[in-house]
1. Quick check on my filter: what residues within region A:266-308 are surrounded by 23 or more Cβ atoms within 10 Å (Cβ to Cβ), in contact with a Ser or Thr (Cβ under 7 Å, 6 or more places away or on another chain) and either free of Cβ contacts under 8 Å to residues at least 60 places away in the same chain or within 14 Å of chain B (Cβ to nearest Cβ) (or both)?
2. Which one of these does A:Arg378 not meet: (1) of a type outside the set (Ser, Thr, Tyr); (2) closer than 20 Å to A:Phe456 by Cβ; (3) free of Cβ contacts under 8 Å to residues at least 24 places away in the same chain; (4) surrounded by fewer than 18 Cβ atoms within 10 Å (Cβ to Cβ)?
3. Can you pull out every residue in region A:1-50 that is part of a loop (DSSP other than H, G, I, E, B), more than 20 Å from A:Met247 (Cα to Cα), away from every other protein chain (no Cβ under 14 Å) and in contact with a helix residue (DSSP H, G or I) (Cβ under 9 Å, 6 or more places away or on another chain)?
4. For region A:224-256, name all the residues that are under 24 Å from the mean Cα position of the chain (by Cα), over 30 Å from A:Leu193 (Cα atoms) and surrounded by 14 or more Cβ atoms within 10 Å (Cβ to Cβ).
5. Which ones in region A:534-577 are over 24 Å from A:Tyr208 (Cα atoms) and among the hydrophobic types (A, V, I, L, M, F, W, C)?
6. Output the number of residues of region A:386-416 satisfying the condition of being surrounded by fewer than 20 Cβ atoms within 10 Å (Cβ to Cβ) and among the aromatic types (Phe, Trp, Tyr).
7. Take the conditions assigned by TED's automatic domain parsing to the domain that holds A:Ala67, without any contact (Cβ under 8 Å) to a residue 24 or more places away in the chain and within 26 Å of A:Asn64 (Cβ to Cβ) and apply them to A:Asp177. Does it pass?
8. Looking for something assigned to a strand (DSSP E or B), among the polar types (S, T, N, Q), away from chain B (no Cβ under 14 Å) and under 20 Å from A:Val256 (Cβ atoms) - is there at least one such residue anywhere in region A:69-91?
Amino acid sequence: MSKLALSDEILLKIEKPARYIGNEVNSVVKDLEDIEVRFAMCFPDVYEIGMSHLGIQILYDMFNQFADVWCERVYSPWIDLDAIMREKHIPLFALESQDPIKQFDFLGITIQYEMCYTNILQILDLSQIPLIATERAEDDPIVIGGGPCSYNPEPIADFFDIFYIGEGETSYRELLDVYKECKKLGKSRAEFLQKAAAISGMYVPQFYDVTYKEDGTILRFEPNMEGIPKTILKNIVMDVTDTYYPMKPIVPYIKVTQDRVVLEIQRGCIRGCRFCQAGQLYRPVRERDVEKLKQYSIEMLQNTGHEEISLSSLSSSDYSQLEELVNFLMVECEKKKINISLPSLRIDAFSLDVMSKVQDVKKSSLTFAPEAGSQRLRDVINKGLTEEVILNGAIEAFKGGWSRVKLYFMLGLPTETEEDIKGIGELANKIAAAFYETVPKEERKGKVQIVASTSFFIPKPFTPFQWAAMNTKEEFLDKAYITKNSIMAQLNQKSIKYNWHEADVSVLEGILARGDRKVAKVIKRVYEKGCIYDAWGEMFKNDIWLSSFAECGVSIPFYTTRERALDEVFPWDFIDCGVTKDFLIREWKNAVNESVTPNCRMQCQGCGAKRFEGGVCYEGQN
Amino acid sequence: MKVRIKFSKHGVMKFIGHLDIMRYFQKAIRRSDIDIAYSTGYSPHQIMSFAMPLGVGLESDGEYFDVEMNSMVSCEDIQERLEAQMVPGMHILHVRVLPDNVGNAMASVAAARYRIQFRDNCEPCFDWKSQLASFYQKESILVIKQTKKSEKELDLKPGIYEMYLDNESIVLMVDASSAGNIKPGLVMDAFYKENGQEPPEFAFEITRMETYANAGTTEEPYFVPLDEIEG
């Protein structure tokens, strides 16, 4: 029987010991004799969250297909174990071998949201790896970051040796080969990093210097060494059908957030909503072949024994073969008593038909994301969803027996007025009224239930709103109050429930999202004061964050409420995500002019992603 | 038809709780492609019944669950298919078809036998080997049982069927029926107390050796392993 890094006594004392023992079905164990590179793949949050992430499953599978590599997993120890590990100086370990992370060649960390930054430091600290990259010794693992937040890596640049910009399927093999070569030749860490920096998509922060203007904005951002690229183009897989996909995903023992087979049907999004970062980062849209997806679904269900399958992508309704795929899955899943978990689909005849077949109509709800309360503001954000479409969709659904509707909005969008905000209540009311008009009294089973939720808008890099000012906490809360009042003033207010997000954490996320290297010392300080798991509401300590910004002399409004000039050099400008700055400026101007931009299938907008030579940009052409 | 499956659980798997073991088997059964029956209704689930939950931290050589099969080739086929799906630490020990008139696994449980070992440096500082017999020969073994609402005095003795020294460990067979289940830790606590001591936390390594049904009567029980029960 395999050894464990933690004693029985510890494991029996902590919550959910299954988080730390490995041994899951389809986890990969290799013989150290047979491999040359040890890669620890980390999601810096608790096991149940990390295990639900598709990206890690894809990369885990890819790395372990390489005969010379053993990729293992590591997640953030929960606070109970965290305290014990600190007290007893137990080094953080990988799940499969239970060996200390410090013995690995690489520690890869996926960075999915800004609020995990202190957990990254927790991982490094518990692994007994120096937090600051330049302080690491020759035998420390190479710490490499990836995922959406690496598109503005600057607030955490000090903590990483390398950021891998873009999709992981493409350049890791080359990086590993360079690493092996360097190891064989006895090259130093610095020499390896230099060679790594020459590989496509690799950003090595220590080889770049930043100088600032007096106003705190960037004067220059440039390589401090010969042969280091000035800009870094994201890595992208153009053939998403013929690439890595995990046919044997790991099956956890404990219930995780995403406890099902996940089928990624496409990457990217044609829509171009101006607030959405993913919609820009993952351009162009690339669809997976439907026949391949059918085959994957059967094989993955067989290999995991999961009782549910879900489809994953941005705007899944835009997948051109959706009907065929869903019809296939419905037949297969019926046979095998498998549930289909649908992504949120555009409400139309097809989706209502599918939903009525795979969900309990009485229990399930319709989801609309108008994002803004008025058509004017929806035009600003380029959300091509009209009131008419929403009402018609809702009416069709009410006829089909649905009586629950979820509505998602954002507050604090650029150019927003009080009228736009009040539109949220009005729209919710119109939907409720449509229910009472559509469904005769005798067929109603109680009231229609409308839940309107608002989140606070956070401007993100590489979006047309990257120049925009963000609201203050007070403005956010005022707007939530206006929303609430506007709902309360509606005729059908008793049918409408309103939820809003915390404002503190949104403000902080806004700082980190558009932060620069100056923010790193605040993150480090906050961590040293004991903050981890900031993404977990109950553990987020806003006062410590605020006081740490003050102590480090870092201005919060500089990052949040300041509208940027069009010629400002952004901390992330050295990254080329495919979409050009010219396009984003054009879109920013269109937004202010309330001018709508058609989606990629309707008309090419020349965003820049066409240079990747594939995907939706070349659809229907050969 | 109903099939009873006996399995063992060792090593790191002792940290997986009962509900997760059930989920583990549901998924293993799907992977194994055996033709298990599903309940009808909106969300069909496998027809499956576990004999007795095993506490987190305990290992076992005698765990059981029953499944309802639509069709089957043979018990050996089910055993092979399921065994092929096990992770290290889990084994399918035996599969048999149940006679029609045998009650489900949970209702059948009458007793369980445990092996109790002391962890390193956790051996009691009294002469436990020689004290064991006299403890077991006592007329009654009274303990205070804490419930959520109150404390009540309980005599363990009638529910202890065997207790003896075996090499360096204690073998203990106790009542495991739903009405009178005795946890081995409770008996050990009483044994320590009898000798003026209190066991340290995490002192024992406990393995359930077997789970039994009563093939005799209440007055004259005759315990047989759950998979040897006859209709």
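1. A:Gln266, A:Cys269, A:Arg288
2. (4)
3. A:Glu36, A:Pro44, A:Asp45, A:Val46
4. A:Thr241, A:Met247, A:Lys248, A:Pro249, A:Ile250, A:Val251, A:Pro252, A:Ile254, A:Val256 - these are the residues of region A:224-256 that are under 24 Å from the mean Cα position of the chain (by Cα), over 30 Å from A:Leu193 (Cα atoms) and surrounded by 14 or more Cβ atoms within 10 Å (Cβ to Cβ).
5. Passing the criteria: A:Ala535, A:Trp536, A:Met539, A:Phe540, A:Ile544, A:Trp545, A:Leu546, A:Phe549, A:Ala550, A:Ile556.
6. So the answer is 1.
7. When the stated conditions are applied, A:Asp177 passes them.
8. Kept after step one, since they are assigned to a strand (DSSP E or B), are these residues of region A:69-91: A:69-75.
Remaining after also requiring among the polar types (S, T, N, Q): none.
Taking every residue of region A:69-91 in turn, none turns out to be assigned to a strand (DSSP E or B), among the polar types (S, T, N, Q), away from chain B (no Cβ under 14 Å) and under 20 Å from A:Val256 (Cβ atoms).
The values are calculated or read from the model by the stated rules, or taken from the named source; none is laboratory data. Just so it is clear, the structure is predicted and the values come from calculations on it, not from any experiment. Virtual Cβ from ideal backbone geometry, glycine too; neighbours counted across all protein chains shown.
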